[in-house]
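The values are calculated or read from the model by the stated rules, or taken from the named source; none is laboratory data. All values reported here derive from a predicted model rather than from experimental measurement. Reconstructed Cβ throughout: ideal geometry from the backbone, glycine too, with neighbour counts over all protein chains shown. Quick note on the areas: whole protein, heavy atoms, side chains included, nothing else; ligands and nucleic acids left out. Shrake-Rupley method; radii C 1.70, N 1.55, O 1.52, S 1.80 Å.
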Amino acid sequence: MKILIGTLALLIGSSHAACPNQCSGHGTCGVDEVCTCFPGWGTGGDAGGDCSDRFCPHELAWVDFPSRGGNRHKYAECANMGECDRKLGQCECFDGYEGKACARQSCPNHCSGHGTCEYMKDLQFGIVYNEYYDGSSLALSGLGAGGMKFAQDYAWDSDRARLCVCDAGWTGLSCEERMCPYGNDVMDVIPGFDEYATTDSNGIPGLAGYGNEVGQIQTVTLYDADDDISNFVGQTFALKFTSKLNETFVTQPIMWDSDLDVVAEYIEAALEKLPNRVVDDVVVSAESSSGATGVVINVSFIGRFVQGRQHKLEVVTDRCEVGCTPRITGLANLRSFSDTTLSTVEITTVGSHQSHECGRRGKCNRKKGVCECFTGFIGAACGTITALA
């Protein structure tokens, strides 16, 4: 009897000495009563124990101590930017980070509802296409739309770090601030100014009321792939204008006529018909290039609302059919590849005037998007003098 009781006591004792908490149902009990936990389970972030805690997703750490070999950004739970909820196996990310493993940055204040949160690899250089493809070389020529997006960036955080890209009329890191109108500084002193002259030193007609001061001139050069501009006749295209507040406007379809003077008239009318008088006055000329292999279109910005440096025009040349606007045939035979020349848009005359927010004579009210002009100046962009100090 005593032997039986002792044996039972040993059995009971051995059962209590089995794997802790029977591995919580999330592992198997092995040699020496050590739990081998199922994937995703452990204790306090470590393997083994009683398998009662969950692991959280791992990602490349935003910051960590270097390894012996000097390596950084090793895989870490919640990317070292959050705490792991062991019951749920979910990361509770610190402010500024989000995702199942806190692997991406969140944008401040969700871009205030006035922009989009973009990955670093998707950010572009410039506002319009020809800011980068400025025509300074063959490799930097061509036509297109939108800023320059570089080839894939393989930096470790290129698809993790993010930034707000603001809607038109908004600015700031979280797109919480309004932009204000731009205009020329009416107090600028232009070197060589002659109020009685009608042209500048290069023979370019001066702006009305500004003597020999001239407006910005953008030159659009279009080449036919077969070196025959008559191929453009009867086709339609459009121009895209981006204001200094980053608003985009596309003209009505522009018909290509055999008479280039008529083409110039069509372009001028189309630009001046854009909404809100964003282009209030331009002068356009068009002539064939040497050998009639291309057309040179000069657009002079002479209006009050387009003083100073403007974004380059973009030429919309792709076919746009039913359900698309503006509905155009496109310039089908436009030269898109060449060893010598390519169609492009360039600034050929910088112009005498500048373009500053509130004309540099006022302060922008970022909440209202309205210029609060300094004493002695009035106007949307503080461009009118009321008194001289």
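Collect residues whose amide H, placed 1.01 Å from N in the peptide plane, falls under 5 Å from the amide H of Glu177; neighbours closer than 5 in sequence don't count.
HN-HN under 5 Å from Glu177: Thr171.
How far, in degrees from 0 to 90, does helix 2-16 lean away from the longest principal axis of the Cα atoms of the chain, to the nearest 10?
10 degrees
In deg cm²/dmol and to the nearest 500, what is the mean residue ellipticity at 222 nm of the chain if only DSSP H runs of at least 4 residues count, each as -39500 (n - 2.57), divided by the residue total?
Values: 3 runs with 32 residues, N = 389.
That comes out to -2500 deg cm²/dmol.
At 7 Å along Cα-to-Cβ for each site, give me the label-to-label distance between Arg309 and Asp280 in nm.
Placing both labels 7 Å along Cα→Cβ, they lie 2.2 nm apart.
What does the accessible area of Met179 come to, in Å² to the nearest 10, when a probe of 1.4 Å is used?
The accessible area comes out at roughly 30 Å².
Can you list residues whose amide H is under 5 Å from Gly48's amide H, if they're 5+ apart or on another chain and H is modeled 1.01 Å from N?
Cys37, Thr43
Rounded to the nearest 0.05, what FRET efficiency do Thr248 and Glu372 give with R0 = 41 Å and r taken as the Cβ-Cβ distance? Could you check?
0.90
Take Thr28, Thr325, Thr242 and sort them by solvent-accessible surface of the protein heavy atoms, 1.4 Å probe, largest at the top.
Details: Thr28 75, Thr325 125, Thr242 5 Å².
Highest to lowest solvent-accessible surface, that is Thr325, Thr28, Thr242.
Using a/c under 1.5 as the rounded threshold, could you call the chain rounded, prolate or oblate? The axes a ≥ b ≥ c are square roots of the C-alpha gyration tensor eigenvalues, and prolate needs a/b larger than b/c, oblate otherwise. Write out the running numbers ahead of the final one.
Working: a/c = 3.96, a/b = 2.44, b/c = 1.63.
Prolate is the answer for the chain, as a/c is 1.5 or above and a/b outweighs b/c.
Using only alpha carbon pairs under 8 Å that are at least six residues apart, calculate the relative contact order of the chain and give it in whole percent.
14 percent
Between Glu287 and Cys324, how many nm apart are label points set 7 Å from Cα along the C-beta direction?
Inter-label distance under the simple model: 3.4 nm.
When a/c is below 1.5 the answer is rounded, else prolate if a/b is larger than b/c, else oblate, so apply that to segment 230-369 with a ≥ b ≥ c taken from the square roots of the Cα gyration tensor eigenvalues.
Prolate.
In sequence order, what are the phi-derived ³J(HN,Hα) couplings for segment 317-329 according to the Karplus relation 6.51 cos²θ - 1.76 cosθ + 1.60 with θ = phi - 60°, rounded to whole Hz, with x for glycine and proline?
These are the phi-based 3J(HN,Hα) values: 10, 7, 4, 9, 9, 4, x, 10, 9, x, 6, 9, 7 Hz.
So the label point goes 7 Å from the Cα of Leu138 along Cα→C-beta, right? Which residues of segment 308-350 then have their backbone N under 16 Å from it?
335-344, by backbone N distance to the label point.
May I ask for the angle, rounded to the nearest 10°, between helix 260-272 and the longest principal axis of the chain, with both axes built from Cα atoms and the value confined to 0 to 90°?
Taking Cα atoms only, the helix is inclined about 60 degrees.
How much length would be gained if the chain were fully extended between Asp257 and Asp226, taking 0.36 nm per residue of separation minus their Cα-Cα distance, in nm to one decimal?
9.4 nm is the gain from fully extending Asp257 to Asp226.
Residue by residue, what Karplus-based ³J(HN,Hα) values in Hz, rounded to whole numbers, does segment 330-337 have, using 6.51, -1.76 and 1.60 with θ = phi - 60° and x for Gly and Pro?
x, 9, 4, 9, 5, 6, 10, 8
May I ask you to list the chymotrypsin sites (Phe, Trp or Tyr not before Pro) in segment 281-389 that are in a DSSP loop and have at most 13 other Cβ atoms within 10 Å of their Cβ?
Within segment 281-389, the qualifying chymotrypsin sites (Phe, Trp or Tyr not before Pro) (loop, at most 13 other Cβ atoms within 10 Å) are Phe337.
Report the accessible area of Tyr129, computed with a 1.4 Å probe over the heavy atoms of all protein chains in place, in Å² rounded to the nearest 10.
Near enough 50 Å² of accessible area.
Please list the non-local residues whose amide H lies under 5 Å from the amide H of Tyr75, H modeled 1.01 Å from N, same-chain partners needing a gap of 5 or more.
Ala61
Using a ≥ b ≥ c from the Cα gyration tensor of segment 105-189 (square roots of the eigenvalues), is it rounded, prolate or oblate, where a/c under 1.5 gives rounded and otherwise the larger of a/b and b/c decides, a/b for prolate? Can you show the working numbers first?
Details: a/c = 2.67, a/b = 1.06, b/c = 2.53.
Taking the square roots of the gyration eigenvalues as a ≥ b ≥ c, segment 105-189 is oblate.
Which is the longest run of the chain containing none of the trypsin sites (Lys or Arg not before Pro) found in DSSP loop states (not H, G, I, E, B) with at most 11 other C-beta atoms within 10 Å?
Within the chain, the longest run free of exposed trypsin sites (Lys or Arg not before Pro) spans 88-366.
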